[in-house]
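> First the structure, then my questions, so here it is.
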Amino acid sequence: MANTYFQFKQFKIEQKACANKVSTDACVFGAWMSKLIQEGSVLDVGAGSGLLALMIGQEHKGTIRGIEIESACAEQAGENIRENGFEHIQIIEGDIRNWESEQKFDWIISNPPFFNNSSKNEDTKRNMARQTETLGPADWSDILNQLGHQDSTVALLLSNNDVLASYESNLKLAGYRFQQKLSLLDKQSSACKRVLLFAKQKAFKIEVPEIFIYKNDFETYSDEFIDLLSPFYIYL
């Protein structure tokens, strides 16, 4: 029987109640953000099992909030936070589209749904986590107007498909017209399947254009991947 958890160096993720499990792509996103975020408040939209919040929280001791719409998953994320002793992280059960907060966040991050009502199955929780009808590109204007400020940074892990273009367009409509993309590839010769999209209202620059998970032998992790994930993965 497969484990229902994923063990990292400094914390453990229980994920039985969550539709989306720990993935390599999400771990790269969390590790990248843990390096990028040096200060400021963080909001994780669609927190899932709490993976991104915990990865960032390992390195960043400022205010971190995660909001998750699915009840059982939100409960499990909260348990993960408590069991690992990350007291500066708070998980909130709720729909980000209806959630009100007086606080404005410096960093708003998300691994949002990235399929346009396709590939549905009978798993309601998985559909909620993957389909844009639950949370889509058009929702982000209201989210950012409510919870961001003029110097906020948005960071999203997206599939390199038609939804990516829709996110880029809607972020511009929300005033986040300065955008940078970091491509995540299995290896150098692979097609790009996932993208880290960063956006601000002011000019900025992401120095690294792409990350390769493997060397071209498809068996050995790349040096960049090892450097990025070594603070988290037990076997690195």
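The values are calculated or read from the model by the stated rules, or taken from the named source; none is laboratory data. As the structure is a computational prediction, the values presented were derived from the model and not from experiment. Cβ coordinates were reconstructed from backbone atoms using ideal geometry, including for glycine residues, and neighbour counts include every protein chain displayed.
> It is to be established whether one or more residues within region 155-176 are in a loop (DSSP other than H, G, I, E, B) and of a type in the set (Lys, Arg).
Looking for residues that are in a loop (DSSP other than H, G, I, E, B) and of a type in the set (Lys, Arg), one finds none in region 155-176, hence no.
> Right, here's the next one. Within the set of pairs 6+ apart or on separate chains, which have a first residue in region 25-36 that is in contact (Cβ under 8 Å) with a residue 60 or more places away in the chain, a second that is polar (S, T, N, Q), and C-beta atoms under 6 Å apart?
Close Cβ pairs (under 6 Å, with a partner that is polar (S, T, N, Q)) amount to 26/111.
> Another question about this same structure. Determine which single condition residue 138 fails, assuming it passes every other condition in (1) crowded, with 19+ Cβ neighbours inside 10 Å; (2) among the aliphatic types (A, V, I, L, M); (3) outside any strand (DSSP E or B).
(1)
> Just one of (1) at pLDDT 95 or above; (2) over 27 Å from residue 135 (Cα atoms) trips up residue 71, so point out which.
(2)
Conditions tested, residue by residue: (1) small (Gly, Ala, Ser); (2) surrounded by 14 or more Cβ atoms within 10 Å (Cβ to Cβ); (3) touching a strand residue (DSSP E or B) at 6+ places or on another chain (Cβ under 9 Å).
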position	(1), (2), (3)
162	no, no, no
189	yes, no, no
206	no, yes, yes
219	no, no, no
226	no, no, no
229	no, yes, yes
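> Among the residues of region 179-192, which ones are among the charged types (D, E, K, R) and either closer than 26 Å to residue 11 by Cβ or assigned to a loop (DSSP other than H, G, I, E, B) (or both)?
Here is the first cut: in region 179-192, the ones among the charged types (D, E, K, R) are 181, 186-187.
Scanning region 179-192 gives 186, 187.
> For region 170-191, which residues satisfy the criterion of being of a type in the set (Ser, Thr, Tyr) and at pLDDT 95 or above? Give the derivation first.
Filtering region 170-191 for residues of a type in the set (Ser, Thr, Tyr) gives 176, 183, 189-190.
Scanning region 170-191 gives 176, 183.
> Just to be sure before I move on: is residue 31 buried (at least 20 other Cβ atoms within 10 Å of the Cβ) and over 13 Å from the mean Cα position of the chain (by Cα) in the structure I sent? Let's see the steps before the verdict.
Working: buried (at least 20 other Cβ atoms within 10 Å of the Cβ): yes; over 13 Å from the mean Cα position of the chain (by Cα): no.
So residue 31 does not fit the description; no.
> May I pose another question? Please name all residue pairs, on different chains or six or more residues apart, with Cβ atoms under 7 Å, provided the first residue is in region 180-193 and is at negative phi and touching a residue at least 12 places away in the same chain (Cβ under 8 Å) and the second residue is exposed (fewer than 15 other Cβ atoms within 10 Å of the Cβ) and among the polar types (S, T, N, Q).
187/216; 188/216; 189/216
> Within region 54-90, track down each residue that is hydrophobic (A, V, I, L, M, F, W, C), in contact (Cβ under 8 Å) with a residue 60 or more places away in the chain and buried (at least 24 other Cβ atoms within 10 Å of the Cβ).
Filtering region 54-90 down to residues hydrophobic (A, V, I, L, M, F, W, C) leaves 54-56, 64, 67, 69, 72-74, 77, 81, 86, 89.
So of that shortlist, the ones also in contact (Cβ under 8 Å) with a residue 60 or more places away in the chain come out as 55, 69, 86.
Matches in region 54-90: 55 only.
> I'd like the full set of residues that are part of a loop (DSSP other than H, G, I, E, B), over 30 Å from residue 169 (Cβ atoms) and not hydroxyl-bearing (Ser, Thr, Tyr), limited to region 193-236.
Step one: of region 193-236, the residues part of a loop (DSSP other than H, G, I, E, B) are 193, 201-209, 213, 215-220, 222, 230-236.
Narrowing further to those that are over 30 Å from residue 169 (Cβ atoms): 215-220, 222, 230-236.
Correct list: 215, 216, 217, 218, 219, 231, 232, 234, 236.
> Would you be able to tell me the number of residues in region 34-43 that are assigned to a loop (DSSP other than H, G, I, E, B) and either touching a Phe, Trp or Tyr at 6+ places or on another chain (Cβ under 9 Å) or within 21 Å of residue 143 (Cα to Cα) (or both)?
So in region 34-43, the residues assigned to a loop (DSSP other than H, G, I, E, B) come out as 37-41.
Keeping just the survivors that are either touching a Phe, Trp or Tyr at 6+ places or on another chain (Cβ under 9 Å) or within 21 Å of residue 143 (Cα to Cα) (or both) gives 37, 40-41.
Number of matching residues: 3.
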